[in-house]
2 protein chains.
Amino acid sequence: MKIAFVGTGVMGKSMAGHLLKAGHEVVVSTRTKAKAEDLLQAGAKWADTPAEACRGAQVAISMVGYPQDVDEVWRGPQGFLTTAAQGCILIDMTTSSPALARELAQAAQARGCAALDGPVSGGDRGAREATLTIMVGGAAPDFEAVKPLFAAMGKTIVLQGGPGTGQLCKLANQIGIASGMIAMSEALAFAHATGLNLETTLQSISGGGASSWALLNLAPRVLKGDFAPGFYVKHFVKDIGLALDVAREQKIQLPGLELAAKLYDQVVAAGQGDLGTQALARRYFELR
Amino acid sequence: MKIAFVGTGVMGKSMAGHLLKAGHEVVVSTRTKAKAEDLLQAGAKWADTPAEACRGAQVAISMVGYPQDVDEVWRGPQGFLTTAAQGCILIDMTTSSPALARELAQAAQARGCAALDGPVSGGDRGAREATLTIMVGGAAPDFEAVKPLFAAMGKTIVLQGGPGTGQLCKLANQIGIASGMIAMSEALAFAHATGLNLETTLQSISGGGASSWALLNLAPRVLKGDFAPGFYVKHFVKDIGLALDVAREQKIQLPGLELAAKLYDQVVAAGQGDLGTQALARRYFELR
């Protein structure tokens, strides 16, 4: 299958690599060509713009940073929709706005194309090991048509409903992560302050009722002082903002999410927006 | 081995049952004899008081509700320490105060006995399936001596340090659970409010970066409207209070824990203290 893939950052690079390995013809395009170098050496083709990448592709995937980037990649003057062939399935795997996903689905339909929103969870490791969770919104036949591609990149692949529901589900996921990061940070901060051995504490609390993906995957990084981005603080702050927007529209109170927004704003204010989300733990304590 | 076991509530009953099945002589005592009926039928012996249960026992275990109950079971007029033989190892598996654990260890030592604090995590299911996490504070030789008993009741069994460190580790665990319950409740509330299918949402968010014990074990109960106690709200409120006490002593700020304290106080105020901790989700939404 010929696949356009736009956005080869921490996540996109691994994901496009899995599609290549599965034997597909992958044409990549990304803002910083150097970030696509490994993929090009592994056999991917290069295109200067999303429009070029999408020419003649059966599937076009975006995995970029912010909703405005998604919009640009799809509807911009050099976007997918300027060249997409009839019947092309366009998939946005960025975590983005549910409302934008619905708009893009209409725009794709107007051109005789199909659209899916398929944001992912599982971080850099999930992307590398092809164990991502992929939450999909769109029409069932389109979902079935590209399911083998999703299966090359992820493990838990679920169609949630119509356009935008993949993004809504992803925001529900981010809401879970938000308080989950507070949980991990505060448990470790308490252990540190009370003089517990952090290694054995983590061993104990990872196995019981407090167990979480964050404790199992990110807490060990905190203990090593490793704050490199698996998932960027700045992107998480965007996700939290998207979730808060929808919560306000729906008039629901999410005080844990609001607390996470406040704490992560402090992380950004401290100049740590380019670190991984585990940097929240530093708001609470720093290992000496 | 002859073991005294005091407290046969939701958790204690399963735990004492595993010791029985492992071939030990178990003497139980509990406030409400009816709650020990199954154990007595399975071969446990009955004692009217902790003191009676402890007479001639090599190990005496308490698994009760509150720190004051622990104190009564150990140091009260009918407590373990009135009859405990020299060399007896006393273990408190209740989640209780770290300071009390240190005091009880001294009281035990004064009588020629040993003491361990060994609170557990994993809820009713962990207790039933003998997969509990057991966090132990005390001396290494005493820990080694009773490790086979812990192994009959749990899976992740770690000595954290001296007296009280088992309790401190458990409080770190409860701090993780506190924000973890907010995470689960808010993710489901958001999904509910935005019209997502809760079953497929849960399927997606249980597998990625938001995954947690609460999502895997308690969220399905929320979806079924099952708020029966695996772990009582009223006991969790006690644990949160113990953790906040230590946090104040150590002068550390834990805003997520404070939020959980506020939200769970509302659950209690709504007369739901005898429900399971998953009842927090009802603060956010109720399925129709």
Discussion item. Quick check on the stretch A:224-241. Is at least one of its residues over 25 Å from A:T94 (Cα atoms), at pLDDT 95 or above and aliphatic (A, V, I, L, M)?
Written reply: no
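Here are some residues: A:V146, A:V120. Which one is farther than 25 Å from A:R283 by Cα, facing chain B (nearest Cβ under 9 Å) and either β-branched (V, I, T) or under 18 Å from the mean Cα position of the chain (by Cα) (or both)? Can you show your working first?
Values: A:V146 fails: facing chain B (nearest Cβ under 9 Å).
One residue alone meets the criteria, A:V120.
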Discussion item. Need a quick list: helices (runs of 4 or more DSSP H) entirely within the stretch A:1-77 having at least 1 residues that are touching a residue at least 40 places away in the same chain (Cβ under 8 Å) and touching a helix residue (DSSP H, G or I) at 6+ places or on another chain (Cβ under 9 Å).
Written reply: A:10-21, A:50-54, A:67-75
Worksheet entry | Residue check for A:F236: within 20 Å of A:Q266 (Cα to Cα), surrounded by fewer than 24 Cβ atoms within 10 Å (Cβ to Cβ) and more than 7 Å from chain B (Cβ to nearest Cβ) | no
Practice prompt. Considering only the stretch B:9-21, state which residues are closer than 16 Å to B:G118 by Cβ and either among the polar types (S, T, N, Q) or surrounded by fewer than 20 Cβ atoms within 10 Å (Cβ to Cβ) (or both).
Written response: B:S14
Worksheet item: So which residues in the stretch A:162-185 are polar (S, T, N, Q) and more than 7 Å from chain B (Cβ to nearest Cβ)?
Response: A:Q167, A:Q174, A:S185
Worksheet item: Does the stretch B:81-107 hold any residues that are crowded, with 20+ Cβ neighbours inside 10 Å, under 20 Å from the mean Cα position of the chain (by Cα) and either without any contact (Cβ under 8 Å) to a residue 12 or more places away in the chain or in a helix (DSSP H, G or I) (or both), and which are they?
Response: B:P98, B:L100, B:A101, B:L104, B:A105
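Table: residues versus (1) closer than 21 Å to A:A281 by Cβ; (2) of a type in the set (S, T, N, Q); (3) in contact with an Asp or Glu (Cβ under 6 Å, 6 or more places away or on another chain); (4) modelled with pLDDT of 95 or more.
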position	(1), (2), (3), (4)
B:V246	yes, no, no, yes
B:G256	yes, no, yes, yes
B:Y264	no, no, no, yes
B:A269	no, no, no, yes
B:Q272	no, yes, no, yes
B:L275	no, no, no, yes
B:L280	no, no, no, yes
B:Y284	no, no, no, yes
B:L287	no, no, no, no
Worksheet entry | Cβ pairs under 8 Å, 6+ apart, first in the stretch A:244-272 and more than 8 Å from every other protein chain (Cβ to nearest Cβ) and in contact (Cβ under 8 Å) with a residue 24 or more places away in the chain, second basic (K, R) and in a helix (DSSP H, G or I) | A:V267/A:R282; A:V267/A:R283; A:V268/A:K234; A:Q272/A:R282
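Show me the strands (runs of 3 or more DSSP E) found entirely inside the stretch A:110-172 where at least 3 residues are charged (D, E, K, R) and in the same structural domain as A:R55 (by TED's automatic domain parsing).
Values: elements: A:114-117, A:132-137, A:154-161.
Answer list for the stretch A:110-172: none.
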Practice prompt. Please find, within the stretch A:186-230, the residue that is farthest from the chain's Cα centre (by Cα) out of those that are among the β-branched types (V, I, T) and within 7 Å of chain B (Cβ to nearest Cβ).
Written response: A:T194
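Being of a type in the set (G, A, S) and under 19 Å from A:A85 (Cα atoms) is the filter here, so list the residues in the stretch A:30-68 that pass it. Explain how you work it out, then say what you get.
Residues of the stretch A:30-68 of a type in the set (G, A, S): A:34, A:36, A:42-44, A:47, A:51, A:53, A:56-57, A:60, A:62, A:65.
Passing the criteria: A:A47, A:A51, A:A53, A:G56, A:A57, A:A60, A:S62.
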Worksheet, complete the sentence: Filtering the stretch B:231-249 for residues that are within 16 Å of the chain's Cα centre (by Cα) and charged (D, E, K, R) leaves a count of 3
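Could you check how many residues of the stretch A:194-232 are part of a loop (DSSP other than H, G, I, E, B), closer than 18 Å to A:E286 by Cα and touching a residue at least 60 places away in the same chain (Cβ under 8 Å)? Don't jump to the end; show me each part of the working.
Within the stretch A:194-232, the subset part of a loop (DSSP other than H, G, I, E, B) is A:194-197, A:206-211, A:224-231.
Pick out the ones that are also closer than 18 Å to A:E286 by Cα and you get A:194-197, A:224-229.
Restricting the remaining residues to those that are touching a residue at least 60 places away in the same chain (Cβ under 8 Å) gives A:225, A:229.
Looking only at that region, the number is 2.
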Worksheet item: Being touching a Cys at 6+ places or on another chain (Cβ under 6 Å) and closer than 20 Å to B:T95 by Cβ, is that true of even one residue in the stretch B:31-52?
Response: no
Discussion item. When you scan the stretch B:255-268, do you find a residue that is of a type in the set (A, V, I, L, M, F, W, C) and more than 28 Å from B:M93 (Cβ to Cβ), even just one?
Written reply: yes
Response to the item:
Residue set B:T133, B:T156; condition under 24 Å from A:L198 (Cα atoms) and surrounded by fewer than 24 Cβ atoms within 10 Å (Cβ to Cβ); output residue B:T156
Discussion item. Suppose the filter is within 14 Å of another protein chain (Cβ to nearest Cβ), out of contact with any Pro (no Cβ under 6 Å at 6 or more places or on another chain) and either touching a residue at least 60 places away in the same chain (Cβ under 8 Å) or small (G, A, S) (or both); does A:G137 pass it?
Written reply: no
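The values are calculated or read from the model by the stated rules, or taken from the named source; none is laboratory data. Note that the structure is a prediction, hence the values are computed from the model and not measured. All Cβ positions, even for glycine, are placed from backbone atoms using ideal geometry, and neighbour counts span all protein chains on display.
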